[in-house]
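Participant: Take this structure first; my questions come after.
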Amino acid sequence: MEKLRLLSYLIASAIPLEVAAYPKPGNVHRLRDFSDTKFEDFLVTSVVGEYYVFRAVRRGCRMALKKPSKVSVFVGDLIEGMVRDYKIVSGGGNTCLGSSLLLLPIAVASGYVLCFESSTNIDSICLNAKAFLQKYSTVQDSIHFYNAIRLVTPSYIRKEDYTDEFPNVWDVEYSKKLRRGGYTLWKILVHSAEKDVVAREVVEGYPRSRRNMVFLKERIKLHGNWNRAVIETYLYQLSNELDTLVIRKQGLEIAKMVSETASKVLETCQKDEKQCESILIEFDKKLGEMGVNPGSTADIVASTIALYAISKGGSITRI
C-alpha cells in the first residue's frame, strides 16, 4: 500500500475506534446516542474524515519536498471542510470539531516526517505539528476555524462569552475583525488553551496524547483486549485531568467529581476484570442521567489512538 495513503488510514481510524469503545462513561458509544449525535454519525465522520486526513498528509509531504502549495492556510480549510461535509452526509450534530483540530495537524506533520525523515517518529510528529501551526497558520486558518464552529453551533460557545480582545465567533463581523487584528489560528488556540484542554493539547505539542499512548500500549500488551484498553485509557485521561467541556457546561465541582470517580473506576478495572464492566455501566448510566459528557477527554483519546496507530504501522487492534 502506498505509504501516504496508509498513514491517512491509520490516523482516520482513530475516529471510529474511539467512539466504538463500550461502555465509555458519558459519551456516545455503540449502545448510547445523544439527541443530536448518534453512533452512526461518528462512523460517517470517519469516512468523510479520511479524505481530509489524506489531504493533510499530502500537504505535509509537499512541505518536506519543498513543493509549492496552492493554499495560503495550514489546516483551517481542512477542518472546515471535514465538518461541513460530515454534516451534509449525515445531518447530525458536532462529532468532529475537536477531533479534527487534533488530528489534522498530526496528519500534516506525519506526512512531513515520513517524506523528510523516512520515519514516523511520534515525538518528531508531535513537535512538528506544534511548530508548523505556530509558524505557518494564518488569519485565513482562523476564519475557516470560526466557520467550522458556526456550522456545528456548539451549545458551550455562547454569544455572551467574554473573549477578551479576540472576536466572538458569533459576531457578524468576525472575519473582518480577525483580519484587522491579525489573529492567526495559533494565536486563537493559545488564547483558548486557558479554558480548553483540546486547544491546550495542540499548542503544547500533544503531551497528554503521547503519555496516554504509552499507557494504551501497556494495557494492550498486558491483556490483549482492545476495547478494554481504550476504556482504560479514557478513564486514565479523565482521572489525570478535569474535562474542560464538563467544566464549561456543568461547573468545576461536577468536573472534579467525574475525575475522582474515573480514578476509582480505573483502579477497580485494573484489579478486577469481572467487576470492571458492571461498575463502568453504572458510571456511564450516572453520567447519562446527569447529562454529563466528557467530550474533551474523548477527543484526546482519539488523538491518542491516532498516535498509537501511527507508531504501530498496521494491525492496530491486535497485539
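A short reminder: the numbers here are calculations on the coordinates, not readings from a lab. These figures come from a predicted structure and were not determined experimentally. Positions of Cβ are generated from backbone atoms using ideal geometry, with glycine treated the same way; all protein chains shown enter the neighbour counts.
Participant: Using a 4.7 Å Cβ cut-off, which Cys residues in the chain lack a partner cysteine?
Facilitator: When partners are defined as cysteine Cβ atoms under 4.7 Å apart, the chain leaves C96, C126 without one.
Participant: Related question: Is it possible to state the helix-based mean residue ellipticity at 222 nm for the chain, with each DSSP H run of 4+ residues giving -39500 (n - 2.57), the sum divided by total residues, to the nearest 500 deg cm²/dmol? What is it? If you can, show how the numbers build up before the last one.
Facilitator: Numbers: 16 runs with 226 residues, N = 319.
Rounded to the nearest 500, it is -23000 deg cm²/dmol.
Participant: Sort Y9, Y174 so that the residue with the fewest other Cβ atoms within 10 Å of its own Cβ comes first and the one with the most comes last.
Facilitator: Neighbour counts put them in this order, fewest first: Y9, Y174.
Participant: Starting from the Kirkwood Rh over alpha-carbon pairs, what translational D in µm² s⁻¹ does the stretch 1-139 have by Stokes-Einstein at 37 °C and 0.692 mPa s?
Facilitator: Estimated via Stokes-Einstein, D reaches 213 µm²/s.
Participant: Then there is this: From the square roots a ≥ b ≥ c of the eigenvalues of the alpha-carbon gyration tensor of the stretch 167-243, which class results: rounded (a/c under 1.5), prolate (a/b over b/c), or oblate?
Facilitator: prolate
Participant: Please give the contour-minus-distance gain from N225 to K286: 0.36 nm per residue of separation, less the Cα-Cα distance, rounded to one decimal in nm.
Facilitator: Values: separation 61, 0.36 × 61 = 21.96 nm, distance 2.50 nm.
That works out to 19.5 nm of additional length.
Participant: How large is the Kirkwood hydrodynamic radius of the stretch 176-319, counting all unique pairs of alpha carbons, in Å?
Facilitator: This gives a value of 16.3 Å.
Participant: Next question. What helices does the chain hold that run 15 Å or longer along their axis, going by alpha-carbon atoms, with a Kyte-Doolittle average of 1.0 or more, using DSSP H for the helix calls?
Facilitator: In the chain, the long hydrophobic H runs are 97-117.
Participant: Related question: For R84 paired with S263, estimate the spin-label separation in nm (one decimal), with each label point 7 Å from Cα along the Cα-to-Cβ line.
Facilitator: Calculated label separation equals 4.5 nm.
Participant: Between K312 and W170, how high is the FRET efficiency from 1/(1 + (r/R0)^6) when r is the Cβ-Cβ distance and R₀ = 51 Å? Nearest 0.05.
Facilitator: 0.80
Participant: Where the convex hull is taken over the Cα atoms of the stretch 20-63, what is its projected area averaged over directions, in nm²?
Facilitator: About 3.9 nm², averaged over all directions.
Participant: Please order R318, R211 by the number of other Cβ within 10 Å, starting at the fewest.
Facilitator: R318, R211
Participant: Quick check on the exposure proxy: order W170, W186 from fewest to most C-beta atoms within 10 angstrom.
Facilitator: W170, W186
Participant: What is the gain in length, in nm to one decimal, between K135 and E204 on full extension, counting 0.36 nm per residue of separation less the C-alpha to C-alpha distance?
Facilitator: Details: separation 69, 0.36 × 69 = 24.84 nm, distance 1.41 nm.
Length gained, K135 through E204: 23.4 nm.
Participant: Nearest 0.05, what FRET efficiency do E160 and K256 give at R0 = 30 Å with Cβ-Cβ as r?
Facilitator: Working: r = 25 Å, r/R0 = 0.84.
So the FRET efficiency works out to roughly 0.75.
Participant: Another question, then. What full-extension length gain, to one decimal in nm, is calculated for E277 and S118 as 0.36 nm per residue of separation minus the Cα-Cα distance?
Facilitator: Value of the extension gain: 53.0 nm.
Participant: Further, regarding this structure: About its Cα centre, how strong a charge dipole does the chain have in debye, to the nearest 20, once Lys and Arg get +1 and Asp and Glu get -1 at the Cβ?
Facilitator: Dipole size: approximately 1040 debye.
Participant: Listed here are the pairs K38/K249; K38/K130; K87/K256; K159/K285; K24/K221; which of them are more than 27 Å apart at the Cα?
Facilitator: Working: K38/K249 20 Å; K38/K130 32 Å; K87/K256 33 Å; K159/K285 32 Å; K24/K221 21 Å.
Exceeds cut-off: K38/K130; K87/K256; K159/K285.
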